[in-house]
Amino acid sequence: MPIANGRKNGVSPKKQLILNAFVENCSGHQSPGLWRHPDDESSDFNNIQHWVKLAKLLESAKFHGMFIADVLGGYDVYEGPRNLSAAIKSGAQWPVNKPLALVPAMAAATESLGFGVTVATTYEQPYHLARRLSTIDHLTDGRVGWNIVTGYLDSAARNLGATKQLEHDKRYAIAEEYLRVMYKLWQASWRDDAVVLNRETRVYSDPERIRLINHVGKYYQVPGPHICQPSPQRTPLLLQAGTSKAGKAFASQHAEAIFVAGHSPSVVAENIAEIREQAHEKFGRDPKTIKFLALICPIIGRTEEEAAAKFAVLESFGDIDGALALFGGWTGIDLAKYGDDQELRHVESNAIRSTVEGWSKASPGVAKWTKTTVAKHITVGGLGATVVGTPAQVADEFERWVDEADVDGFNIAYALKPGTFVDVIELLLPELRKRGLFWNDYIVKGGTYRENVTGHVGQKFPADDHPASRYHWKAGVEKEAHPIPPEPEQEIETPLKNPLKRKPDASPVTGTTKLRKSARKAS
């Protein structure tokens, strides 16, 4: 029976936790099949009032934000190739709607809740995305964040003009230039005081305070200027997930909050330490200003027995084929090739063996790891940690992640929607507040997402040591006194309308991050 691995006689960390609800504009999200549970409302995701109700619930509990995941293709590796049947039938992140469309309605019904929205750099032009995000930042009074991803599904790439994903490191090279274009548009093309609204002189905006960015790079050519006036945050709060070598280099330079996932703190601790060190040593950033948020799915009962019984019921609704479809998309591995009773710790695939070995160390009570065992491991909570226990035990586990991995908070995945969040609010938050681990109210009520995540009143823009700040054209500063920072020297190629239309690399795709399931302590 999986019970939270509680910490005893430990010292409470001084950090106050950042908490986001982790969702997707689909049914089920991280827990395939649980849309069938009579108390689950996730299949109502097409109804905007479903989202407004959730946003108001989260804000009433003082959650920092709602982190909205997204995919642009289906999970078609299991029983493949290009077989979507398992995902379609089980509802494993299928169908899925755009995340950004939800935000204005939820923002209109709330005052302080932030909204982190996933958008891939690989699939659209920076000028277009800069406009969309600026618009939402205006409409939310600065409560939007951008989860920067480069994509991981070949099914998405095929639908957007390519035969497969670009090679992993090339996607990050494109994303690196993409961010510089965005900084120029958001931070450098308009002076803070460019909009004057002078009715007497009939001047809406001062042309001398708006300029071309004239970006000519390896992948993009964008003359500018930005078509939107500066929004409350200018640059939305920058979120990122990715712990490959290229992903860590990117995060060290650009991310303000980083999303990590693993079956135990030990899985992510080294990556967190490395990113903090690299951010300081290579990019001159204060490492403690980078916030790390771990994926976690808490199953909470007033007693251990109640929590265990709740978990057992949830697991009974899990869809095995849906879980295997998700596993295939996350790892690129088709477990349909293996027999129902085959021990996966002994197969020829290094990737499978290493993944399953990590789970087996965390869950020594599992005698044999088959594809069904793996699927059951995924059905409640997906690819992150799932902890089961009383409020005190789950709070202990949260503290253990802070102590052992140096995380700053959590993206909370749901098993049931909104039931998991209701349990967190009613059972867990009182325990966290009693321990001094979670605030009683927003630091800046009605403030920006950046202010409330960083904890600094008035920090609407990226910090002074963040690369975006180099581009910021402040009020009263003449153009000549603040030129746009030059591009690093590089070979200039003909800019591309769509980077995916480049000739595919001969090397295989290597960008899939293999993330592991939670530690589950057998009772």
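K310 fails exactly one of the following numbered conditions: (1) modelled with pLDDT under 95; (2) of a type outside the set (G, A, S); (3) under 27 Å from D396 (Cα atoms). What is the number of that condition?
Going through (1) modelled with pLDDT under 95; (2) of a type outside the set (G, A, S); (3) under 27 Å from D396 (Cα atoms) one by one, K310 breaks only (1).
Looking at the range 144-165, which of its residues are charged (D, E, K, R) and within 13 Å of the chain's Cα centre (by Cα)?
Once the filter is applied, which keeps residues that are charged (D, E, K, R) and within 13 Å of the chain's Cα centre (by Cα), the range 144-165 yields nothing.
Is it fair to say L185 is buried (at least 22 other Cβ atoms within 10 Å of the Cβ), in contact with a Gly (Cβ under 8 Å, 6 or more places away or on another chain) and either at positive phi or not in a helix (DSSP H, G or I) (or both)?
So L185 fails the test.
Of the conditions (1) at pLDDT 90 or above; (2) of a type in the set (D, E, K, R); (3) surrounded by fewer than 20 Cβ atoms within 10 Å (Cβ to Cβ), D319 fails just one. Which one is it?
(3)
Going through A101, A92 one at a time, which residue ends up being hydrophobic (A, V, I, L, M, F, W, C) and part of a loop (DSSP other than H, G, I, E, B)?
Every option except A92 fails the conditions.
Has the range 139-151 got at least one residue that is more than 15 Å from M66 (Cα to Cα) and among the aromatic types (F, W, Y)?
Checking the range 139-151: not a single residue is more than 15 Å from M66 (Cα to Cα) and among the aromatic types (F, W, Y).
Among the residues of the range 23-55, write down those that are of a type in the set (D, E, K, R) and in a loop (DSSP other than H, G, I, E, B).
Those that are of a type in the set (D, E, K, R) and in a loop (DSSP other than H, G, I, E, B): D39, D40, E41.
Could you tell me whether any residue of the range 337-348 is surrounded by fewer than 24 Cβ atoms within 10 Å (Cβ to Cβ), touching a residue at least 40 places away in the same chain (Cβ under 8 Å) and part of a helix (DSSP H, G or I)?
Within the range 337-348, not a single residue is surrounded by fewer than 24 Cβ atoms within 10 Å (Cβ to Cβ), touching a residue at least 40 places away in the same chain (Cβ under 8 Å) and part of a helix (DSSP H, G or I).
Report, by residue number, each residue of the range 375-391 that is within 16 Å of A307 (Cα to Cα) and part of a loop (DSSP other than H, G, I, E, B).
V380, G381, T390 - these are the residues of the range 375-391 that are within 16 Å of A307 (Cα to Cα) and part of a loop (DSSP other than H, G, I, E, B).
Suppose we keep only residues that are in contact with a Ser or Thr (Cβ under 6 Å, 6 or more places away or on another chain) and of a type in the set (G, A, S) within the range 67-117. Which one would you say is farthest from K371 (Cα to Cα)?
That would be A107.
Residue pairs, Cβ under 7 Å, 6 or more apart or interchain, first in the range 159-179 and touching a residue at least 24 places away in the same chain (Cβ under 8 Å), second of a type in the set (F, W, Y) and in a helix (DSSP H, G or I). List them.
Listed by first residue and then by second, the contacts come to Y172/F250; A175/F250; E176/F250.
Looking only at residues in the range 92-110 that are among the polar types (S, T, N, Q) and more than 17 Å from S60 (Cβ to Cβ), which one is surrounded by the most Cβ atoms within 10 Å (Cβ to Cβ)? Give the steps one after another, and end with the answer.
Pass one, the range 92-110, residues among the polar types (S, T, N, Q): 93, 97, 110.
Going one step further and asking which of them are more than 17 Å from S60 (Cβ to Cβ), we end up with 93, 97.
On the way: Q93: 27, N97: 12.
Filtering the range 92-110 for residues that are among the polar types (S, T, N, Q) and more than 17 Å from S60 (Cβ to Cβ), the one surrounded by the most Cβ atoms within 10 Å (Cβ to Cβ) comes out as Q93.
Does any residue of the range 262-285 turn out to be crowded, with 23+ Cβ neighbours inside 10 Å, touching a Pro at 6+ places or on another chain (Cβ under 7 Å) and free of Cβ contacts under 8 Å to residues at least 40 places away in the same chain?
Yes, the range 262-285 contains a residue that is crowded, with 23+ Cβ neighbours inside 10 Å, touching a Pro at 6+ places or on another chain (Cβ under 7 Å) and free of Cβ contacts under 8 Å to residues at least 40 places away in the same chain.
Hey, A351 hits all of (1) touching a helix residue (DSSP H, G or I) at 6+ places or on another chain (Cβ under 7 Å); (2) among the small types (G, A, S); (3) modelled with pLDDT of 90 or more but one; which does it fall short on?
A351 satisfies all of (1) touching a helix residue (DSSP H, G or I) at 6+ places or on another chain (Cβ under 7 Å); (2) among the small types (G, A, S); (3) modelled with pLDDT of 90 or more except (3).
The values are calculated or read from the model by the stated rules, or taken from the named source; none is laboratory data. Keep in mind that this is a model prediction, so the values were computed, not measured. We place every Cβ from the backbone using ideal geometry, glycine too, and count neighbours over all the protein chains shown.
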